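Q: The structure is given below, and queries will be raised subsequently.
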Amino acid sequence: MRVFKSRWFQRFARKEGIADETLCEAVARAERGQIDADLGGEVIKQRVARPGQGRSKGYRTIILFRRGSRAFFIYGFAKSSIANLDANEEKQFRQAARHVLELTEEQIVELLNRGDFVEVETNE
């Protein structure tokens with residue numbers, strides 16, 4: 001399973017102190033079928049813990065997720081700052097998933113080289 005962070009999400013995670021291990025744990029839970037919210041179209045919402053705290057008061061992450069293949073962290077927010085996503089935002093994430101999850105290996109390499117995405121080192 002390959003895990004990536006968008007440029008925006010990488011800045012968010014760094015600012016909030018979210019470690020790559022925490023992101024890998026969220027993907028591992030999703031792989032086991034423990035998905036916090038399935039938004040449809042291979043878009044899921046997973047909770048991740050604040051450093052030193054639990055997941056319930058932590059962050060919500062939007063992941064473009066294809067089981068057994070790829071996961072792209074593209075958006076995150078603190079539960080305390082945004083109650084939930086609106087229907088238009090969910091639709092935009094589903095449209096993004098159709099595009100991003102169909103990228104070829106060559107296209108992914110180009111996006112990595114440009115800095116649009118960063119690959120997360122996993123323990124697999």
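Throughout, read-outs are computed from the coordinates displayed, never taken from laboratory work. Since the model is a prediction, treat every value here as computed from it, not as a measurement. Glycine also receives a Cβ, built like all others from the backbone with ideal geometry; neighbour counts cover every protein chain displayed.
Q: So for the pair R11, R66, with labels modelled 7 Å out along Cα→Cβ, what separation do we get in nm?
A: A separation of 2.8 nm, rounded to one decimal place.
Q: Once you have the Cα-Cα distance between R98 and E25, take 0.36 nm times their residue separation minus that, and quote the gain in nm to one decimal.
A: So the chain would gain 23.9 nm between R98 and E25.
Q: Also: With θ taken as phi - 60° and the coefficients 6.51, -1.76 and 1.60, list the Karplus ³J(HN,Hα) couplings across the range 5-20 in order, rounded to whole Hz; mark glycine and proline as x.
A: My calculation for the range 5-20 gives 10, 6, 4, 4, 5, 4, 5, 4, 5, 5, 4, 8, x, 8, 7, 4 Hz in order.
Q: So, one more: For the residues T104, T122, what sequence is obtained by ranking on other C-beta atoms within 10 Å, fewest first?
A: T104, T122
Q: Can you work out the Karplus-derived ³J(HN,Hα) for every residue in the range 54-69? Use 6.51 cos²θ - 1.76 cosθ + 1.60 with θ = phi - 60°, whole Hz, and x for glycine or proline.
A: These are the phi-based 3J(HN,Hα) values: x, 6, 5, 10, x, 10, 10, 10, 9, 10, 7, 10, 10, 3, x, 10 Hz.
Q: Ok, one more. Taking 18 Å as the cut-off for C-alpha to C-alpha distance, list the pairs among K15/K79; K15/K91; K57/K79 that go past it.
A: K15/K91
Q: Could I ask something else about it? For T122 and V109, compute 0.36 nm times the residue count separating them, minus their Cα-Cα distance, and round to one decimal in nm.
A: Extra length available between T122 and V109 comes to 2.9 nm.
Q: Give me, ordered by chain and number, the residues 5 or more places off A37 or on other chains with an amide H under 5 Å from its own placed amide H.
A: Result for A37 returns K45.
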